[in-house]
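Visitor: One structure is given below, represented as structure tokens, and several questions about it will come after.
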Amino acid sequence: MKLGGYSVGDAVWEESASAVYTATETGTNRRVLIRVPRVAGRSPDSADRLRRDFDIARSLPPELVVAPIALERFESGVALVLEDGGAPAASSGGGTTARLA
């Protein structure tokens, strides 16, 4: 996966509608998570869902959610950029699976 402004790593979480990748923001070296639709931009509903998740997460106390950073253009849709708190990936067996935003 490629997203301008980010060096994208491995997928750490996947479901039927979306996937989450580790990434580093180019220039700042800030670690982030990037959530994208599994079929990027092919459904207006997937972009609307990410926008809604971004708005909801911004309105909640930061200790309750993974903090949203930005919505970025991705292919013909959007990607949700989230703060990487450094928790073990759910796929690594390091904890329970949590729903992101």
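Visitor: How many residues, within the range 43-74, are assigned to a loop (DSSP other than H, G, I, E, B) and within 22 Å of Gly5 (Cα to Cα)? Please lay out each step first, then the result.
Guide: Of the residues in the range 43-74, the ones assigned to a loop (DSSP other than H, G, I, E, B) are 43, 60-67.
Subset that is within 22 Å of Gly5 (Cα to Cα): 66-67.
Number satisfying all stated conditions: 2.
Visitor: Every residue in the range 13-24 that is touching a Phe, Trp or Tyr at 6+ places or on another chain (Cβ under 8 Å), more than 16 Å from Gly77 (Cβ to Cβ) and buried (at least 17 other Cβ atoms within 10 Å of the Cβ), please. Show your work before the answer.
Guide: So in the range 13-24, the residues touching a Phe, Trp or Tyr at 6+ places or on another chain (Cβ under 8 Å) come out as 19-20, 23-24.
Next, from what is left, pick out any that are more than 16 Å from Gly77 (Cβ to Cβ): 23-24.
Ala23, the sole residue that qualifies.
Visitor: Only residues that are open to solvent by less than 50 Å² (accessible area, probe 1.4 Å) and among the hydroxyl-bearing types (Ser, Thr, Tyr): list them for the range 25-52, please. It would help to see each step written out before you state the result.
Guide: Within the range 25-52, the subset open to solvent by less than 50 Å² (accessible area, probe 1.4 Å) is 25, 32-37, 40-41, 43, 46-47, 50.
The answer is Ser43, Ser46.
Per-residue answers, yes or no, for (1) at negative phi; (2) in contact with a His (Cβ under 8 Å, 6 or more places away or on another chain); (3) among the charged types (D, E, K, R); (4) modelled with pLDDT of 85 or more:
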| position | (1), (2), (3), (4) |
| --- | --- |
| Glu14 | yes, no, yes, yes |
| Tyr21 | yes, no, no, yes |
| Thr24 | yes, no, no, yes |
| Arg31 | yes, no, yes, yes |
| Pro37 | yes, no, no, yes |
| Gly41 | no, no, no, no |
| Arg49 | yes, no, yes, yes |
| Ile56 | yes, no, no, yes |
| Ser59 | yes, no, no, yes |
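The values are calculated or read from the model by the stated rules, or taken from the named source; none is laboratory data. Every value quoted in this text rests on a predicted model; they were computed, and no experiment measured them. All Cβ positions, even for glycine, are placed from backbone atoms using ideal geometry, and neighbour counts span all protein chains on display. Accessible surface areas use protein heavy atoms only, side chains included; no ligands, DNA or RNA. Shrake-Rupley method; radii C 1.70, N 1.55, O 1.52, S 1.80 Å.
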